[in-house]
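Okay, so here's the structure we're looking at.
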Amino acid sequence: MNKKPMTLGSLFDGSGGFPLGGLISGITPLWASEVEPFPIRVTSKRIPQMKHLGDISTSNGAEIDPVDIITFGSPCQDMSVAGKRSGLDGERSCLFYEAIRIVKEMRCKTNGEYPRYIVWENVPGAFSSNAGEDFKAVLEAVASVKGDYAVPCPPKGKWTGAGELLGDGFSIAWRCVDAQYWGVPQRRRRIYLVADFNGGCAGKILFESEGLFRNLETSRCPWKRTTGTSEESTPATGIVLNDQGGNRMDVTDDVTCTLRAEAHHPPCVMESAGFCTEHSADSRGIGYEAEKSPTLRAGVVPATVYENHSQDTRYVGPLDVAQTVAATYGTGGNNTDADLEYIVRRLTPTECARLQGFPDWWCADLGEKLPSEEELTRWAEIFETHRKIVGTSSKPKTRKQIFKWLQNPHSDSAEYKMWGNGVALPNVVYVLTGIVYYTQNEGV
């Protein structure tokens, strides 16, 4: 039985979901690559022993610490159904090939020993992007780590939500999973692709791992039950109104729609004003003059579901018409109509953390009262890298601006963006736990 501790490197690290999932699964995260300053600040505080490499395009896989697993949720905007569908040739999604380059460089340097595994996470739109050709290209690029392999495209370019490819001494498997069946109240479908370059474990990891961690047997049967109440997992959501690209609002009961990094406003919840007497665990961005809005929970909203039509403020239900609702995002708005029974407020950043399965404190206490000169120099480089890549500013940040930011780096908008781009932690733990289990039990 192989009991050697496993190591992990995370590309496009974001919220730190893969390194945290690794720690939970008994894997040591050694390094991460990210260019957004706020997520780097978060993971620097939460996992200080992990190195930060910066821009992936300037990293060489032969020169960084070898690891057993490389994870990457490469930017997905060009393959998302909510985007322009530019596919792998898009400005952001093409970074997928940078990750493959790093994997090849590391394996060449280590004579094919490291990394043994890669884990790629992305949106289901990758299946249909460019009539299925993009996912075919993904599979061929992953297989190219072992050699030149041609992958046939399925009829009419329609990929199934789960599959496996077996090559000469390696295996690749993929599965589309939905976070709501893994214990969080969020409807978040994502592709998880695992490649085992030195064996045939990929399919076992994705399809035979139920029960290895937290008794996940129910994930095989999503039609039997979805996310439970707050006693079973994170707090249930009541009725949630979620912006789906600006032209419609999805309404769901108990399970929020997918958190998105780019939306016209954060996901909102509709609550009965009469219950708004309990303050949330996180006081940022919510509240009224006389009443405080509670943490999301089941049972605070009447059963009638009201649907929002585009940018209109009317909520039209199947049996009734609700009064006009005025919501001021950031404070929740003031309830000035004595007859108004319902309120609408945005989800707090802490609630978004819970929807991704993270602890409430993940983004807490990020400030540094007196940053050192060494820290200022390091963060000047981080901000300059980000500025050159994103191109939203013509001038570098001054030392004074960086000093002030380090004293209080948090903003709700930065945290919302991080969670929208992030991974659902229970799904990550499911995959990484499977990797550890089947690696340690090979030949048993």
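For region 46-63, name all the residues that are within 19 Å of L425 (Cβ to Cβ) and in contact with a Phe, Trp or Tyr (Cβ under 9 Å, 6 or more places away or on another chain).
R46, M50
Mind listing whichever residues of region 165-203 are over 20 Å from the mean Cα position of the chain (by Cα), in contact (Cβ under 8 Å) with a residue 40 or more places away in the chain and more than 20 Å from K104 (Cβ to Cβ)?
Passing the criteria: only C201.
Which residue out of A202, A236, A162 is modelled with pLDDT of 50 or more, small (G, A, S) and crowded, with 17+ Cβ neighbours inside 10 Å?
A202
What about R354, is it among the basic types (K, R), within 16 Å of the chain's Cα centre (by Cα) and either farther than 30 Å from T398 by Cβ or assigned by TED's automatic domain parsing to the domain that holds A32 (or both)?
In short, yes.
When you scan region 374-392, do you find a residue that is without any contact (Cβ under 8 Å) to a residue 24 or more places away in the chain, surrounded by 13 or more Cβ atoms within 10 Å (Cβ to Cβ), hydrophobic (A, V, I, L, M, F, W, C) and part of a helix (DSSP H, G or I), even just one?
Checking region 374-392: at least one residue is without any contact (Cβ under 8 Å) to a residue 24 or more places away in the chain, surrounded by 13 or more Cβ atoms within 10 Å (Cβ to Cβ), hydrophobic (A, V, I, L, M, F, W, C) and part of a helix (DSSP H, G or I).
Only one of these is of a type in the set (V, I, T) and modelled with pLDDT under 95: V103, V81, V119, V67. Name it.
V81
Within region 398-422, restricting attention to residues that are of a type in the set (D, E, K, R), farther than 20 Å from S33 by Cβ and touching a residue at least 60 places away in the same chain (Cβ under 8 Å), which residue is surrounded by the fewest Cβ atoms within 10 Å (Cβ to Cβ)?
It comes out as D412.
For region 420-436, which residues satisfy the criterion of being at pLDDT 95 or above and out of contact with any Gly (no Cβ under 7 Å at 6 or more places or on another chain)?
Hits for region 420-436 are N427, Y430, V431, T433, G434, I435.
Got a sec? Which of T324, T392, T313, T328 is of a type in the set (V, I, T), at pLDDT below 95 and under 30 Å from I47 (Cβ atoms)?
T392
Within the group E381, E368, E351, which residue is acidic (D, E) and within 30 Å of V269 (Cβ to Cβ)?
So the residue among E381, E368, E351 that is acidic (D, E) and within 30 Å of V269 (Cβ to Cβ) is E351.
The values are calculated or read from the model by the stated rules, or taken from the named source; none is laboratory data. The structure displayed is predicted, hence computed values, not measured ones. Here Cβ is always computed from backbone atoms with ideal geometry, including for glycine, and neighbour counts include all displayed protein chains.
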